[in-house]
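Written below as structure tokens is the structure these notes are about.
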Amino acid sequence: MKKMSRNKHYPILHKASKGATWFFLLASIILLGYTFYRSEIVGGGWYGDRYFKYYLISVFGILFWGVVLRLKDEVRLNLVVMISSGVMGLYVAEVFLFVTAKDPRMVSAAQASFHFDSRTKYEVYLDLIRKKVDAVPAVHPMQFVPTNGIPVGGVAPLFPFGGVSNKTTIMCNESGEYAIFPSDRYGFNNPDSVWDNKKVKWMLTGDSMTQGSCVKPGDEIAGQIRKLTQQSVINLGSGGNGPLAELAALEEYAKAREPEVVLWVYFEGNDLVGDLQFEMKSKFLVKYLREELSQDLINRQKEIDSNLIEYINEEALAQEQVEKKSYRVIHDLLGILRLLNLRVKIRFDNSFVDMDADMKPIFGDILRKARDRVGQWGGKLYFVYLPANIRYAGGHQDLGSLYSRDDILSLVKGLDIPVIDIHEKVLLNHPDPNALFVFKDAHYNKKGYSLLANAIVDEVEKRPLTD
């Protein structure tokens, strides 16, 4: 009787397994289409290495489930049960990670006995406006890559590399407290008075590590160099910058002050595989490399301010929708569907070992142009190599292939640009290099920036500018 009862359910189970097979086949087709959309349309074809594994998974899934459809009912049922159990296990792990996830910023603040400011940047902005503070959220050049700059009057685009001038600028929060700085006359993180000098000693170009994320004004690399040397230092860094934006910032702002020492601050974590790939999507940015381009931004700050404020107001309206609870719920559910927490946990999307071959010659051309431009007024370009926290948190201190470190240093030395290697000078022999970052995968902290600045000043003072 039991055997007859079990056999009676087989047709239902076989039908269910066939339906599940069609579901998995359809999911594989959707994944293939979504991968193509993210890689080729959104990414412009520059992120093929990152999405290659998803192409493999989706194509394999289509072929596999196509074959499963043709198998005998019994075999198909067993395969579907086994694979469905595995998929369910993945989603159980994903939900567990989502529920138990702790914001590393809150952990960092608790360890330092700081109160953690849990407000979003948008909420901080609104609170400051209510208090009649003339505040703006930080705006970064990379926000304008998809649109090739800001269209101005339907004519040539305006591509800013600074922010809104003379404003209380809200940057970021990693340690529990928001980093907020008064922007200078061109929207950068400097005391405005540094621009009163007709010539300056130091100038830095770089990304968020250079701008000063996420420390108080004066604790960033430029501020620390200013304290150490009592000399004029201008910081052109901005979050998200890649090599093209860093070159463009020099083209627009350096010549007017002819700095003696120019620091090209390179962060191994994303400057090439990520930032430069993204920048290459902008035909306008590429002109800074291929042509002799200047937008004369140093004389157009009023125009920059008005356009950026208009942009910020539009973004504020969009952010108002994002802040709604319903949006957050949908966002969280989509993250779970995409196994976001699990992928982050196992670093599934990281592709930091090999540098994209297409980026190496482009990066070399960018550095060559920067070196020659700085040399025109008798200045000296230094290449500052900043290592990422994963090099130490993951135990990869001596791995030369990590982020193509050996290739990058060889390229720079081949261009006869002096290298200040922060990995060797500071972190390699430090008793606890992880203590120089706010937390894993975060920016350097105040102590880290201080040690970086000391190493940079020591190295520059050792080498005459005529070398």
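The values are calculated or read from the model by the stated rules, or taken from the named source; none is laboratory data. Values in this document were obtained by computation on a predicted structure and should not be read as measured data. Every residue, glycine as well, gets a Cβ built from its backbone with ideal geometry; the counts of neighbours run over all protein chains shown.
His396: over 28 Å from Leu289 (Cβ atoms), within 23 Å of the chain's Cα centre (by Cα), surrounded by 13 or more Cβ atoms within 10 Å (Cβ to Cβ) and not small (Gly, Ala, Ser), yes or no? Lay out the reasoning, then the answer.
Values: over 28 Å from Leu289 (Cβ atoms): yes; within 23 Å of the chain's Cα centre (by Cα): yes; surrounded by 13 or more Cβ atoms within 10 Å (Cβ to Cβ): yes; not small (Gly, Ala, Ser): yes.
Yes.
Taking the stretch 376-411 on its own, how many of its residues are in contact (Cβ under 8 Å) with a residue 60 or more places away in the chain and of a type in the set (Ser, Thr, Tyr)?
The total comes to 4.
How many residues are on the phi < 0 side of the Ramachandran plot and out of contact with any strand residue (DSSP E or B) (no Cβ under 6 Å at 6 or more places or on another chain) when one looks only at the stretch 145-162? Full working, then the answer.
Taking the stretch 145-162 and keeping what is on the phi < 0 side of the Ramachandran plot, we get 145-147, 150-152, 155-162.
Adding the requirement that they be out of contact with any strand residue (DSSP E or B) (no Cβ under 6 Å at 6 or more places or on another chain) leaves 145-147, 155-156, 159-162.
Qualifying residue count for the region: 9.
Do we have any residue at all in the stretch 376-392 that's part of a helix (DSSP H, G or I) and of a type in the set (Gly, Ala, Ser)?
Looking only at the stretch 376-392, we keep the residues that are part of a helix (DSSP H, G or I), and these are 376, 390-392.
Going one step further and asking which of them are of a type in the set (Gly, Ala, Ser), we end up with none.
No, the stretch 376-392 contains no residue that is part of a helix (DSSP H, G or I) and of a type in the set (Gly, Ala, Ser).
Determine if the stretch 97-119 includes at least one residue that is surrounded by 12 or more Cβ atoms within 10 Å (Cβ to Cβ), part of a loop (DSSP other than H, G, I, E, B), under 22 Å from the mean Cα position of the chain (by Cα) and among the hydroxyl-bearing types (Ser, Thr, Tyr).
First, pick out the residues of the stretch 97-119 that are surrounded by 12 or more Cβ atoms within 10 Å (Cβ to Cβ): 97-98, 104-110, 112, 114, 116-119.
Going one step further and asking which of them are part of a loop (DSSP other than H, G, I, E, B), we end up with 112, 114, 116-119.
When the remaining residues are screened for being under 22 Å from the mean Cα position of the chain (by Cα), the result is 118-119.
Among the residues that remain, those that are also among the hydroxyl-bearing types (Ser, Thr, Tyr) are: 118.
Scanning the stretch 97-119, I find at least one residue that is surrounded by 12 or more Cβ atoms within 10 Å (Cβ to Cβ), part of a loop (DSSP other than H, G, I, E, B), under 22 Å from the mean Cα position of the chain (by Cα) and among the hydroxyl-bearing types (Ser, Thr, Tyr), so the answer is yes.
Could you tell me which numbered condition Glu292 fails, if it satisfies all but one of (1) at pLDDT below 95; (2) surrounded by 16 or more Cβ atoms within 10 Å (Cβ to Cβ); (3) charged (D, E, K, R)?
(2)
If a residue has to be of a type in the set (Gly, Ala, Ser) and farther than 28 Å from Gln224 by Cβ to count, how many in the stretch 140-193 make the cut?
First, pick out the residues of the stretch 140-193 that are of a type in the set (Gly, Ala, Ser): 149, 153-154, 156, 162-163, 165, 175-176, 179, 183, 187, 193.
Checking the rest, the ones that are also farther than 28 Å from Gln224 by Cβ come to 149, 153-154, 156.
Final tally of qualifying residues: 4.
Please go through the stretch 129-161 and give me each residue that is closer than 26 Å to Asp207 by Cα and touching a Ser or Thr at 6+ places or on another chain (Cβ under 7 Å), ordered by number.
Asp134, Ala135, Val136, Ala138, His140, Pro141, Val145, Asn148, Phe161
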